[in-house]
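For reference, the structure discussed in these notes is given below.
Every number in this text was worked out from the coordinates using simple rules, so none of it is lab data. The structure presented is a predicted model; accordingly, all values stated were derived computationally and were not measured. For neighbour counting, all protein chains shown are included, and Cβ atoms are generated from backbone atoms with ideal geometry for every residue, glycine included.
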Amino acid sequence: MLLKSEVPSTRALHQPTVLKLESISKRYARIGPNTLEAVNLQLYQGEILSLLGPSGCGKTTLLRLIAGFEQPQQGTIELAERTVCAPGKWTVPEQRGVGVVFQDYALFPHLNVRENVRFGLKSLARRGCLSKLDLADRAQAAIALVGLSGFEQRYSHELSGGQQQRVALARALAPRPALILLDEPFSNLDVQVRLYLRQEVRDILKSIGASGIFVTHDQEEALAISDRMAVMRQGQIEQVGTPEEIYRQPASRFVAEFVTQANFIPTQRRGQIWETEVGQFEISPNPAASADCGELMIRQEDLRLELDEQAPLLVSDRHFLGREYKYCLKTPSERTLHARTAARLPVGCRVRVAVTPRNLRFFPTGQAGAYPKMSAA
């Protein structure tokens, strides 16, 4: 069954394929975190894809397999329509045309900025693919691209964390690889630098038409930086789609909970109504709506709150977030719901809730989600 989020965009259909994974599996001696099972994925020229999932789901393992740092037990990997991994075939990392940016920057402390960036070009020079003059020009161009002109003679201890990560990015970009892999590149930075740098990195990749894969466990980061997202769980890809598709149409309860951080309320179907302990809601079109029992997913921003002293919901706490408030709501069964709204309501009051039917998602009892798992886009 092909879902909307599995169908490549019209733009993607006309772009060359930069990466193609088919049935990639990686198993360790002891089954546990990071094991991958039959992963399929495609990435198109100029596209930025995020691998999103909890710790231990296999994100970094998949990145290492693409880079060639590890070898899968089965499956094939194609980079720029060239097979680099298949039964009986193996291409070493330095010949794959892939740039890697690590979480800890991985800069050489005894080399300055220019020398660190030049280091990524030396393998091309050794193979006769780059002259000394071209090497110097490419290094300088990469430094300028990440906004570090004038910092060429500085060493890593003389740079801020954000500047060090820019050097790491310049080093990865200098050889002009077909694909850039970034393994949680912003996790060591403070919030303001992280927000600024992630947009800057996206702008840089877009300006040169580079393809990139980000590994992250930060939902907001993945939604903000990606053209598409692949949500991973226990070594498999649970859903692939645009940020809007995954946020608005999660393919499973896991995706809904992990990405949207939504509320889940037990419900019972009564005709054309969903009955819950906090009220009744109209049934909206939903492929799983034929089931009678399950849970309704309601995103925090979709809950409309109205004061009503006879209502079942109690406002137990309020957090000011700047542009809006986040409310903690207690149900009669002591379940906690969360709502986000610009309205200021007093703690201790009672409220009733309303939701637009089309914003509701239903997940049947005992199922991972409304749709089967999927692994490719």
### Query
Gap in Å between the Cα centre of the stretch 245-261 and the Cα centre of the stretch 194-215?
24
### Close Lys-Lys pairs in the chain, where close means Cα under 20 Å and separation is 8 or more or interchain
10
### Task
Compare LYS20, LYS206, LYS89 in a GNM of the chain, Cα atoms joined below 10 Å, and give the one with the largest fluctuation.
LYS89
### Summary
With a Förster distance of 56 angstrom and the Cβ-Cβ distance between GLU306 and ARG27, calculated FRET efficiency to the nearest 0.05 equals 0.55
### Message
Given an 8 Å cut-off on Cα distances and at least 6 residues of separation, report the relative contact order of the stretch 4-255 as a percent.
### Response
27
### Query
What residues of the stretch 254-287 lie in the reach of a label at ALA343, counting those whose backbone N is under 19 Å from a point 7 Å from the Cα along Cα→Cβ?
263, 278-282
### Query
Along the stretch 75-86, what does the Karplus equation 6.51 cos²θ - 1.76 cosθ + 1.60 (θ = phi - 60°) give for ³J(HN,Hα), rounded to whole Hz, x for Gly and Pro?
x, 10, 10, 10, 10, 6, 6, 10, 6, 10, 8, 6
### Charge context of ILE265, other residues only, Cβ under 9 angstrom, K/R +1, D/E -1
-1
### Message
Can you tell me which of ILE77, ILE204, ILE273 moves the most in a GNM of the chain? Springs connect C-alpha atoms under 10 Å apart.
### Response
ILE273
### Task
With springs connecting C-alpha atoms under 10 Å apart, model the chain as a Gaussian network and identify which of GLU306, GLU70, GLU200 has the largest mean-square fluctuation.
GLU306
### Task
Pop the C-beta distance of ASP137 and SER207 into the FRET formula with R0 = 22 Å and round what comes out to the nearest 0.05.
0.75
### Query
Once you put a point 7 Å from the Cα of GLN261 and another 7 Å from the Cα of ALA144, both along the Cβ direction, what distance in nm separates them?
4.2
## Note on the structure
Taking R0 as 41 Å and r as the Cβ-Cβ distance between TYR155 and GLU70, the FRET efficiency 1/(1 + (r/R0)^6), rounded to the nearest 0.05, comes to 0.85
#### Entry: Net charge over other residues, Cβ less than 14 angstrom from the Cβ of ARG166 (K, R count +1; D, E count -1)
+2
### Message
Testing the spin-label approximation: label points 7 Å from Cα along Cα→Cβ at ASN359 and ALA86. State their distance in nm.
### Response
5.0
